[in-house]
Amino acid sequence: MRARAVLATLLAFASAELSGLPLAAAEPLSAAALRGKQFYLNGQAPGGAEVVAQLEGGAEVPATTLSCQSCHGYDGRGRPEGSVAPPSVFWSALTRPYEVQAANGRTRPAYDESSLKRALMLGLDSAGNRLSPVMPRYRLPRDVAADLIAYLKRLDDERDPGVAEQELSFGTVLPPDAHAAEALRRLFDGLFEGINQGGGIYGRKLRLATLETRDGPATEERLRRFVADDQPFALLAPWAQGEEAALTALAAGERLPLLGLAAGEPVDAASAARYCFYLQPGEAGVLEGLAEWWRGHHRPGERLALLLPEEPLARARARAVAERLEGEAPQVESYPPGRLEPSLLLARLGAEVSAVLFLGTPGDAEELLGAAASGKLWLMPGRSFAGLLSRPRPDFGGRLLAGFPDWPTDFDPQALETIRRLAGLGPGPDSSLPLLRQAYAATGLAVEALRRLGRDVRREGLVETLAQIYDFPTGVMRPLSFGRGRQSGTDGLYVVEFDPVSARPKAEPEWVGLTRF
């Protein structure tokens, strides 16, 4: 699918056979079913009591390491892995009023509560046959087994937050800048209106809830209140400057898909990473990419220095960069935040340092390079270059290289024109465009995943479907690909050398691929 086809999908997703589908309303889960859901998803019993799972051969492990969803899927449909094909555990499938033939050819009658408990604890199906050796046997207390069955009875009709009979609700966090916030709101309104006028997605119209940040940052408390009150199915391109950790923690805790947040820092918790789909690497990824470029281009005897403010965030990024260099230990020099002394820092670098990777602010970069008439190579994220290249620097004797997650050749002119028109932007440069491109791409990605997902819309289904997206074009960045363990849609960055006098690229950008972000 080409970028123009993506535009058509965004602005006119509908067909007569997909619209107007009747959707039954779902009752809230009972307290017992909610407890059963926790055991199904996490292997956790009420009150923290440990449940033991016994494997073939007698080995015993906590149920938390072998939860039901790990094989049967978050939606209960079964997740085939190699030659193992776990069956659906929908109550309607387990209790079909006729004999069911398993994959191994054996037949069984319908399960009831008693025979299902026997299967869970003794490993025998409803006909008394032994279940697959890969199926654990759980030592389930009677109340935990009853809770689990209560949830299985509701699993196939459970409705996630934000999913209504005729509506699907998304959420976003608007930036504090009034112009950018209004442009982002207009863009979403325009995209959603085009989809809704075409009949919506499988009969559901899209709705957007927004969290304002003009009156203060999107703290963890405000984010939780927003999610609790507005019940979004997923978040699209939320603004999270300085609040990335709170937002990713919320995504993990609420199992809330998050599409389009620029990757600020590496996410350590696997549960958080599962729900966060970054479209491009953020500052941390760009810095690692520049380190990767240096590792592949420097000559023996040349040394790299890391220059950074004395802040926890910068130190964490420096550690990630050092790991990327794989044994080529860089020299590390730091300075108090807001107290940059260029001449002193340059003297501390010494003649043996041939290249400097700068991890400070754009303002610090401009002050530093104003005094850096040296022959060193300076590596910086592209965001640091706005002030550096705003005027010629004929006295600068070094080289300037910048890293960018995208480049103008990635942009489809029609897509950019659509963004400008829907957001109400003029023809000239606009500082809100990067955020608008993220929102446009995130919306296209969400629509594509929902189209593939079908009628049964669940958060876990969306996450599973997004993990299967490969080479998806958005028109405003490189094609996106995800997968198990890969949460960044693009896997590298462009490294570009600039002429400090003309402020223009000296050569075509070089793409540097990375194996992780």
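The values are calculated or read from the model by the stated rules, or taken from the named source; none is laboratory data. Just so it is clear, the structure is predicted and the values come from calculations on it, not from any experiment. Cβ placement follows ideal geometry from the backbone for every residue including glycine, while neighbour counts extend to all protein chains displayed.
Condition test on Leu345, is it hydrophobic (A, V, I, L, M, F, W, C) and touching a Pro at 6+ places or on another chain (Cβ under 8 Å)?
On the way: hydrophobic (A, V, I, L, M, F, W, C): yes; touching a Pro at 6+ places or on another chain (Cβ under 8 Å): no.
Judged against the criteria, Leu345 is not a match.
Exactly one residue among Ala442, Ala503 is surrounded by fewer than 16 Cβ atoms within 10 Å (Cβ to Cβ) and either more than 15 Å from the chain's Cα centre (by Cα) or among the hydrophobic types (A, V, I, L, M, F, W, C) (or both), and that residue is Ala503. Just a yes or no: is a residue in segment 213-224 of a type outside the set (S, T, N, Q), under 25 Å from Glu464 (Cβ atoms), buried (at least 17 other Cβ atoms within 10 Å of the Cβ) and in contact (Cβ under 8 Å) with a residue 40 or more places away in the chain? Yes, there is a match, as at least one residue in segment 213-224 is of a type outside the set (S, T, N, Q), under 25 Å from Glu464 (Cβ atoms), buried (at least 17 other Cβ atoms within 10 Å of the Cβ) and in contact (Cβ under 8 Å) with a residue 40 or more places away in the chain.
Condition test on Arg421, is it modelled with pLDDT of 85 or more and surrounded by fewer than 19 Cβ atoms within 10 Å (Cβ to Cβ)? Don't jump to the end; show me each part of the working.
On the way: modelled with pLDDT of 85 or more: yes; surrounded by fewer than 19 Cβ atoms within 10 Å (Cβ to Cβ): yes.
Considered against the rule, which asks whether it is modelled with pLDDT of 85 or more and surrounded by fewer than 19 Cβ atoms within 10 Å (Cβ to Cβ), Arg421 comes out as yes.
I'm trying to understand the selection: among the residues of segment 327-365, which are part of a loop (DSSP other than H, G, I, E, B), more than 12 Å from Leu306 (Cβ to Cβ) and either aliphatic (A, V, I, L, M) or touching a residue at least 60 places away in the same chain (Cβ under 8 Å) (or both)? Give the steps one after another, and end with the answer.
Residues of segment 327-365 that are part of a loop (DSSP other than H, G, I, E, B), as a first pass: 327-330, 336-341, 350-352, 359-361.
Cutting the leftovers down to more than 12 Å from Leu306 (Cβ to Cβ) gives us 327, 336-341, 350-352, 361.
The answer is Leu340, Ala351.
Looking at this structure, is Ser384 modelled with pLDDT under 80, of a type outside the set (A, V, I, L, M, F, W, C) and within 30 Å of Pro312 (Cβ to Cβ)? Spelling it out, Ser384 is indeed modelled with pLDDT under 80, of a type outside the set (A, V, I, L, M, F, W, C) and within 30 Å of Pro312 (Cβ to Cβ).
Would you check which residues across segment 190-220 are among the aliphatic types (A, V, I, L, M) and in contact with a Gly (Cβ under 6 Å, 6 or more places away or on another chain) and list them? Full working, then the answer.
Initially, segment 190-220 is screened for residues among the aliphatic types (A, V, I, L, M), giving 191, 195, 201, 206, 208-209, 211, 218.
Selection gives Ala209 alone.
Restricting attention to segment 425-443, which residues are in contact with a strand residue (DSSP E or B) (Cβ under 8 Å, 6 or more places away or on another chain) and among the small types (Gly, Ala, Ser)?
The first filter runs over segment 425-443 and keeps only residues in contact with a strand residue (DSSP E or B) (Cβ under 8 Å, 6 or more places away or on another chain), leaving 439, 441-443.
Residues satisfying the conditions are Ala439, Ala441, Ala442.
Would it be correct to say that Leu313 is more than 30 Å from Pro408 (Cβ to Cβ), of a type in the set (A, V, I, L, M) and surrounded by fewer than 19 Cβ atoms within 10 Å (Cβ to Cβ)? No.
Just checking: which of the helices (runs of 4 or more DSSP H) contained wholly in segment 265-326 hold 2 or more residues that are within 19 Å of the chain's Cα centre (by Cα) and modelled with pLDDT of 85 or more? Working first, answer last.
Details: elements: 270-275, 283-297, 312-324.
Helices (runs of 4 or more DSSP H) meeting the threshold: 283-297.
Determine whether Tyr278 is closer than 30 Å to Pro232 by Cα and buried (at least 17 other Cβ atoms within 10 Å of the Cβ). Taking the combined requirement at face value, the residue satisfies it.
Applying a threshold of 9 Å to beta carbon distances and a minimum spacing of six or more residues, or different chains, the list of pairs starting in segment 227-249 at a residue that is over 16 Å from Ala273 (Cα atoms) and without any contact (Cβ under 8 Å) to a residue 24 or more places away in the chain and ending at one that is buried (at least 24 other Cβ atoms within 10 Å of the Cβ) and among the polar types (S, T, N, Q) is empty. Of all residues in segment 469-482, those that are in contact (Cβ under 8 Å) with a residue 12 or more places away in the chain and surrounded by 18 or more Cβ atoms within 10 Å (Cβ to Cβ) have Cβ atoms under 7 Å from Cβ atoms of residues that are of a type in the set (A, V, I, L, M) and in a loop (DSSP other than H, G, I, E, B), 6 or more apart or on another chain, in Pro473/Met1; Met477/Leu279; Leu480/Leu279; Leu480/Ile469; Phe482/Ala467; Phe482/Ile469. Residues in segment 59-83 that are at pLDDT 85 or above, out of contact with any Phe, Trp or Tyr (no Cβ under 7 Å at 6 or more places or on another chain) and part of a helix (DSSP H, G or I): Thr64, Thr65, Cys71, His72.
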